[in-house]
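Contents: one structure, followed by commentary.
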Amino acid sequence: MTHPADFTISEAQGALEAKQLSASELLEATLERASLTEANLHAYLTIDHEGARKAARQADGRLAAGETGGLLGIPIALKDNMVTRGLPTTASSKILDGYLPPYDATVVIRLKEAGAVVVGKTNLDEFAMGSSTENSAYGPTRNPWDPTRVPGGSSGGSAAAVAAGSALGGFGSDTGGSIRQPAAFCGLVGMKPTYGMVSRYGLIAFASSLDQIGPFARTVEDSATLLAAIAGHDPLDSTSYPGDVPQFASELHEGVEGLKIGVVTELSDAGIDTEVLTAFNTTLDRLADAGAEIVDVSVPVTKASLSAYYLIAPAECSANLARFDGVRYGLRVNGATVEEMMSHTRAEGFGPEVTRRILLGTYALSAGYYDAFYGQAQRVRTLTIREFAAAYELADVLVSPTAPTTAFAFGAKTQDPLSMYMSDVCTIPSNLTGDPAISVPVGLDTAGLPIGFQVMAPSLGESRLFRVAQAVEDVSESVGRPSIEGLV
Amino acid sequence: MADWEAVIGIEVHVELMTESKMFCGCRVDFDAQPNTNVCPVCLGLPGALPVANQKAIEWITKIGLALNCSVSEQSQFHRKNYFYADQPKNYQISQFDVPVCHDGHLEVEVDGVTTTVRINRAHMEEDTGKSIHVGAGGRIHSAESTRMDFNRSGVPLVEIVSEADIRSAAEARAYAQTLRTVVASLGVSDAKLEEGSIRFDANVSIRPGDDSPFGTKVEIKNMNSFRSLEQAVDYELRRQPEVLESGGEIIQETRHWDEAEGVTHSMRAKEGSSDYRYFPEPDLLPIVVSEKWREQIRSTLPELPAQKKERYVTLGVDQDNATTLAGGSVVLAGLFQDATERGADPRTVANWLTGEVTAYLRRADIAVEDSHITGQHLAELASMVVAGSLSATAAKEVLAGVMAGEGTPGKVAEARDLVQISDVSALEAAVDTVIGSNNDQFQRLVDGEDKVIGFFVGQVMKATSGKADPKVVNEILRRRAGR
């Protein structure tokens, strides 16, 4: 019998509806798993025992009244860059140490209305900048599959929590791959929606034109369930998509018969680890057996996309992080003048990677350099959008490995920031175009580490995306769950 | 200022009196307790996002149309990045290269000469919070602490930038006043200089001839009245030639007008402060003003001061009074409108409004809304003068009484015993009495000495305590004298 902490959301829905267990019991199972593993994993920054128990009791009330489905009573982990009213929200930075937001992010409001049980706030790379969660000011998170390795980043905490069973589902944010890459490293389904599909109101901004909140789940179906609970227009977010939300699961089990699957050649060759590439190609063969037509699609601009991202994102972040100045909230380090106070506060409050990106972004926007850097990057972005749009004329979805490697060891990439940036090469294009993308676990490498397979679809093509992802899940052997004994 | 040409541009900031702020739903209310009209957005809390105020877009378009601007069908918000404690996000959402309105103009009259000042742009942005310095008399230097009030943070602001077409301090003042009147007439802002809902900065430079290249310009701030604007510009137009003529250089800087000392002071130079690293605001969509919307907004424009002035002139009002009335208080112009609609003579009413009424308000130091005068009063007064029951002089006195709240013109005239006697038979009796006591003088009048009439009129006025209508008296005397 599966331990409740290891239920999929579908299984949990069934069990709750059949009254095999209550939401409170489900939460306790999750909290117990967390208490066993957290000393080792450090997935969470804050566990809200009181708030979660209260939410579980309320969910039980609604369940008793006959309400079922969705995320009612389901324990969820939230990345600590989404503001939660009255619950500390730090973005894993010293500059927000102890900060208690006076309001809830729209996503949080929707989750509460759906009856989800928010277990707590999870660790991340500081201000979502990183690919390993090693940039957290509060210490790293360990990969449940191998605690000597990173869970990926920047949403490493949510990924680790869901993989370990300290939550049944979770949410992170994805700016350059920060949901998909940790999902790949932790053997989960991780998905970035179409830009604008989910409200950014209450998401602490990193790069405004790239950020999106998305789900971590154990199955593709769960992923669609999680997304449905939060998607939809928000009048508080001007970039929020105003149209009707697609029915995400509407074609979930239709399979890939007759679909054209385009392999992005530039993202699926040199630079990708052998075992990752093998798993990727095996999956392609299986999809072909399932009736899909596999075609090669060249998208040459992707070679420049990484550079464009690492100009646009820092530029936007340099402005987004300017508000952290010690005047109104968060850390304040005193100085003789206001300028001194601001600069001391920021010097002490920001970690090295955040500082690096703010400086890079400021430089890219400065007089005399704007056109050569930021302006040029935006032009590359436009080309990326156009080339991907053209690629979608040739295939129904595009695929690539999610990341060039499986989970790397702590410290392996921290000496050279650029090598860390390379982890994002496959995921970044979807952030630049705003198209939705998903990572599905397709196997383990010889070290027992999960390998992720990425599917990309045109904007607003979530239904098609989930459909192909489901097929990928169907043709792959389940990676199972990481062993908990080693984590206790 | 011999041999130098003044080159002046004016930058105006107008606070819009919309119900809510530019990017959030907080109320715009300048009398509220500090930090009571604030929210995550206008406080720059982590995670907050802006949503553009549609009414503000409508109103900036209205301002642009009133200033003869072209309206961009699509315009772009930009982030203007700089660190300051009253700027919660440490960037201001503003506009950079594609403003809502551009390429307009305003006609300005100085001493009867009309010139055209071109307007480069009117763009949309948000206001900052307020710094309140504690201790040391409210100045930033040697203050013990500073309190930040963010009620004003995020209030919609329209920035209007003129070309450097202005050529004198008087013209600068006239431009500012005219612009202020136009904006106030649209109902989009209180536009009160004293309250800060309209603010002016001047950019001043000089050059040797009118086709020499522009000199280095100096920005002047902190002019809190139209008078100080003129004085500050005037001061700069004396300071700059002195500097250049003594071999010095004009430094591009911001200078602060010191009202008390009557000089501009250099503000501490901020190095690198002019690189705002503008980039398009990714949190907001482009502003779209369709042709249809623009024309609908144009149809809501009131009669603008220039059109008003022309209309007054055709009604018979003299040029100077027409300019003053059309360019001045909307309330005063409203009184003119009301009175003339009730049949009062436009020329007379305009004279009263620009003369006695304005003088009274100045002496009593009140706004016309706070006096007791109405259009009805003015019409009544005018008809009394036409009917002859009030002399022109008496009318002015009655006007003052009405403004002071003593009652209607009829009542005030009665109470102050100013009602003129125009009744012919009553005056004939008075005339005859005077003639009777001054037969020799009367004979001289009969014989042709016209100037004796003055004596008789004077005597009749004395006998009637000044209430006789002099015109009627004059006429009766001539009849009696057979003249």
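The numbers here are math on the coordinates, done by the rules we state, and not lab data. If you're wondering where the values come from, they're calculated on a predicted model, not measured in any experiment. In this analysis, Cβ positions are derived from the backbone assuming ideal geometry, glycine residues included, and neighbour counts consider all displayed protein chains.
Along its three principal directions, the equivalent ellipsoid of the protein assembly as shown from the Cα gyration tensor extends over semi-axes of 77, 30, 25 Å, largest first. Determine the shape class of the range A:353-488: with a ≥ b ≥ c the square roots of the Cα gyration tensor eigenvalues, call it rounded for a/c under 1.5, and otherwise prolate if a/b is greater than b/c, oblate otherwise. Because a/c hits 1.5 or more and a/b fails to exceed b/c, the range A:353-488 counts as oblate. Looking at chain A, the DSSP beta bridges with both ends there are about 65 percent antiparallel.
According to the Kirkwood relation over distinct C-alpha pairs, the hydrodynamic radius of the range B:294-436 is 16.5 Å.
Counting neighbouring Cβ atoms within 10 Å and putting the fewest first, the residues B:246, B:266 line up as B:246, B:266. Going from the fewest other Cβ atoms within 10 Å to the most, the residues B:103, A:104 appear in the order B:103, A:104.
Per residue, the convex hull around the alpha carbon atoms of the range B:91-214 comes to 177 Å³. Taking all C-alpha pairs of the range B:31-162, those more than 24 Å from each other amount to 44 percent. Using only the C-alpha atoms, the convex hull of the range A:237-288 corresponds to 169 Å³ per residue.
How many angstrom lie between the C-alpha centres of the range B:238-304 and the range B:156-192? Result: 13 Å between the Cα centres.
The sum of -39500 (n - 2.57) across all DSSP H runs of n ≥ 4, divided by the residue count of chain A, sets its helix-only mean residue ellipticity at 222 nm to -12000 deg cm²/dmol. With N as its number of residues, the range B:216-316 has a Cα radius of gyration that, divided by 2.2 N^0.38 Å, comes to 1.73.
Among B:277, B:239, a tally of other beta-carbon atoms within 10 Å of each Cβ gives an order, fewest to most, of B:239, B:277.
Here chain B is assigned +1 on the Cβ of each Lys and Arg and -1 on the Cβ of each Asp and Glu. Its dipole about the Cα centre then comes out at about 660 debye.
Quarter the surface of the alpha carbon convex hull of chain A and you get the mean projected area, 21.6 square nanometres.
Pairwise inverse Cα distances across the range A:136-224, averaged and inverted, put the Kirkwood hydrodynamic radius at 12.9 Å. Look at the Cα gyration tensor of chain B: its axes a ≥ b ≥ c give a/c of at least 1.5 with a/b over b/c, and that counts as prolate.
Antiparallel beta bridges, as assigned by DSSP with both residues in chain B, represent about 95 percent of the total such bridges. Taking the DSSP beta bridges with both ends in the range A:15-144, the antiparallel portion is around 45 percent. Just name one of A:194, A:302, A:409: the one whose Cα is farthest towards the positive end of the charge dipole of the protein assembly as shown (beta-carbon charges, Lys/Arg +1, Asp/Glu -1). Value computed over the given set: A:194.
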